[in-house]
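Below: one structure, written as structure tokens.
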Amino acid sequence: MFRRLFAALVIVAAATAPAFAHLDPLEHGSFAAGFSHPLFGLDHILAMLAVGLWAASVGGRALWAVPAAFVATMALGFGAALVGMPLPFVEPVILASVIFVGIMVALALPLPTAGVAATVAFFALFHGYAHGGEMGEAGAFGYAGGFLVATAFLHAAGVGLGRGLATTRGVIATRIAGGVTAFGGLWLVIAG
């Protein structure tokens, strides 16, 4: 089980390449550019998978409420960027989201669904704002639709991973995955 988790993390790390994070929307279409954006940045992948893991570790209605809160607030953050609303510390908060959510998964603290949803919604505002700032020549609706769908898929992958690890040994594996996520976030801070 730990080998599979490690192999999955290595594949995710190897598959992320910042140089490919931005498809040309004129060549590939706005939806494709938006969809690809979260899939080629390690910060995005780690944060989105960790949100899904956290939702799975809380269980119950958190399985849908936590990812839904993230996606909905991410759309609001995107809109805020489009209208020019200032939002300070966007990149540091995005990196903090990777570290914080990873720590929360690792600690497995018993928190209510509403608290988890509110926490991820806070971070989602900054993720959405960053997407708005990086839109380039893409059409807003297609681009937003793309990154929102990709984000939902990454959340679903995290939920699936968390549910798949929902055994006695899996609880430990889930906590380790949270710790690895947090250390991945720290690495991004140091490397950046």
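What follows is calculated from the coordinates using simple rules that are stated; it is not laboratory data. Just so it is clear, the model here is predicted, and its values are computed rather than measured. Ideal geometry is used to build each Cβ from the backbone, glycine not excepted, and the neighbour counts take in all protein chains shown.
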- Message: Two decimals, Cα atoms only, Kirkwood Rh: what is Rg/Rh over the range 29-68?
- Response: 1.12
- Message: If you scale each eigenvalue of the Cα gyration tensor by 5 and take the root, what three semi-axes come out for the range 119-163, rounded to whole angstrom and sorted largest first?
- Response: 23, 14, 6
- Note on the structure: Checked the range 63-105 with the C-alpha gyration tensor, a ≥ b ≥ c its square-rooted eigenvalues, rounded below a/c of 1.5, otherwise prolate if a/b is larger than b/c and oblate if not; verdict oblate
- Query: How would you order 80-90, 34-44, 105-115, 131-141 from highest to lowest mean count of nearby Cβ atoms within 10 Å?
  - Reply: 34-44, 131-141, 105-115, 80-90
- How large is the dipole of the range 30-191 about the Cα centre if only Lys and Arg carry +1 and Asp and Glu carry -1, each at its Cβ, rounded to the nearest 20 debye? 600 debye
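What's the Kirkwood radius of the range 30-191 in Å, using all Cα pairs?
Values: mean 1/r = 0.0651 Å⁻¹.
Roughly 15.4 Å, rounded to one decimal.
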